[in-house]
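**Student:** Quick one: the structure is below, questions incoming.
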Amino acid sequence: MDNINIDRHETSPIRHFMLRLGRTKLNVLISLVSLVISVLVTVVVMDSLELDETAWNIGLKVSVIIPLIVAPICGYFGFGLLFRLDKAEKQMRRLACLDELTGISNRRFFYENANTELLQAARYKYPVTILLVDADHFKRVNDEHGHQAGDDVLKSLGNILSETVRESDLVGRYGGEEFVCLMTHTTASESRPVAQRLLQQLRSGPFVTRVGDIHMTLSIGIADTIDVGSYDIDTLIASADQALYRAKAQGRDRMVFHTLEEASSS
């Protein structure tokens with residue numbers, strides 16, 4: 001499953017501390033700080049004015065009561081606005097990073113994180129494999145059962161893909177009925193069990209949609225950095241797409257490796 005932290009973003013240390021502390025604790029802290037400052041300022045001012053004991057008592061009481069009333073009220077509304085703003089920002093980031101239909105990474109966010117992973121892989125010289133996954137005859141689903149049923153299939157396929165791969169892998173919707181997975185520290189041959197589980201899972205049971213059960217299969221094109229000789233994401237996906245094209249041409253419902261002429265449908 002794609003475990004990239006979508007909520008990760010640059011923020012000031014003070015704001016980060018405030019958000020981690022939480023609204024209630026933050027309100028208590030600010031009230032205590034306000035109380036201490038109020039009392040200290042009152043003591044300094046009254047000492048300079050050389051007031052009598054009665055004035056001191058009144059002044060100290062006021063310096064305690066006012067911050068204990070005003071600070072919590074101001075903090076409640078002020079910090080409430082801060083936390084609502086943070087929640088809205090997180091929702092906006094999720095909309096920008098996730099595919100609205102399937103809930104997995106959209107193409108832009110996948111590319112962003114894939115490029116980061118590939119730079120790391122190129123630096124430390126470990127293999128990376130790309131799986132390009134396509135739903136066979138998906139247009140037929142839309143034509144025969146309607147686009148809402150097609151949406152149900154895509155949602156289920158996104159869930160299956162996310163649950164089948166490792167937590168460290170990147171998963172995204174590439175476009176239409178195509179999905180893409182990046183597996184780090186993995187050669188093309190080592191990705192075979194994952195691809196086989198995907199194929200077998202669709203063979204073993206139908207998709208449950210709002211119009212009834214729909215049986216579908218997958219075609220998978222696989223390419224890795226060793227075979228392709230590049231850590232460029234566009235080059236890797238283009239190579240996986242060539243393998244995917246061969247999988248379609250050879251009958252679908254199979255995986256094809258970029259370096260192999262034959263497909264495996266077992």
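The values are calculated or read from the model by the stated rules, or taken from the named source; none is laboratory data. Quantities reported herein were computed from a predicted structural model and do not represent experimental measurements. Glycine also receives a Cβ, built like all others from the backbone with ideal geometry; neighbour counts cover every protein chain displayed.
**Student:** So which residues in the range 211-231 are surrounded by fewer than 15 Cβ atoms within 10 Å (Cβ to Cβ) and either within 24 Å of the chain's Cα centre (by Cα) or within 30 Å of Gly146 (Cα to Cα) (or both), if there are any at all?
**Tutor:** If the condition is that a residue be surrounded by fewer than 15 Cβ atoms within 10 Å (Cβ to Cβ) and either within 24 Å of the chain's Cα centre (by Cα) or within 30 Å of Gly146 (Cα to Cα) (or both), then Val211, Gly212, Asp213, His215 are the ones that fit.
**Student:** In addition: Take the residues in the range 167-210 that are among the aliphatic types (A, V, I, L, M) and within 20 Å of Asp232 (Cα to Cα), then tell me which one is farthest from the chain's Cα centre (by Cα).
**Tutor:** Looking at residues that are among the aliphatic types (A, V, I, L, M) and within 20 Å of Asp232 (Cα to Cα), I get Ala188.
**Student:** Assess whether Ser191 counts as being over 18 Å from Gly221 (Cβ atoms), surrounded by 13 or more Cβ atoms within 10 Å (Cβ to Cβ) and in contact with a strand residue (DSSP E or B) (Cβ under 8 Å, 6 or more places away or on another chain).
**Tutor:** It is false that Ser191 is over 18 Å from Gly221 (Cβ atoms), surrounded by 13 or more Cβ atoms within 10 Å (Cβ to Cβ) and in contact with a strand residue (DSSP E or B) (Cβ under 8 Å, 6 or more places away or on another chain).
**Student:** Would you point out the residue of the range 60-81, among those that are surrounded by 15 or more Cβ atoms within 10 Å (Cβ to Cβ) and under 34 Å from the mean Cα position of the chain (by Cα), that is modelled with the highest pLDDT?
**Tutor:** Gly75
**Student:** Right, Arg173: surrounded by 14 or more Cβ atoms within 10 Å (Cβ to Cβ), touching a Gly at 6+ places or on another chain (Cβ under 7 Å) and in contact (Cβ under 8 Å) with a residue 60 or more places away in the chain or not?
**Tutor:** yes
**Student:** Taking the range 110-165, which residues are basic (Lys, Arg) and either under 18 Å from Leu199 (Cβ atoms) or more than 22 Å from the chain's Cα centre (by Cα) (or both)? Talk me through it step by step, then tell me what you get.
**Tutor:** Initial filter on the range 110-165 (basic (Lys, Arg)): 123, 125, 139-140, 155.
The answer is Arg123, Lys125, Lys139, Arg140.
**Student:** For residues in the range 108-124 being of a type in the set (D, E, K, R) and modelled with pLDDT under 95, which is surrounded by the most Cβ atoms within 10 Å (Cβ to Cβ)?
**Tutor:** Step by step, filter the range 108-124, then rank; the result is Glu112.
Table: residues versus (1) outside any loop (DSSP other than H, G, I, E, B); (2) at pLDDT 85 or above; (3) touching a Cys at 6+ places or on another chain (Cβ under 7 Å).
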site	(1), (2), (3)
Ile6	no, no, yes
Ile14	yes, no, no
Ile37	yes, yes, no
Met92	yes, no, no
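**Student:** Right, something else. Tell me which residues, restricted to the range 109-160, are hydrophobic (A, V, I, L, M, F, W, C), in a helix (DSSP H, G or I) and farther than 20 Å from Asp253 by Cα.
**Tutor:** Phe109, Phe110, Ala114, Leu118, Leu119, Ala121, Ala122, Ala149, listed by residue number.
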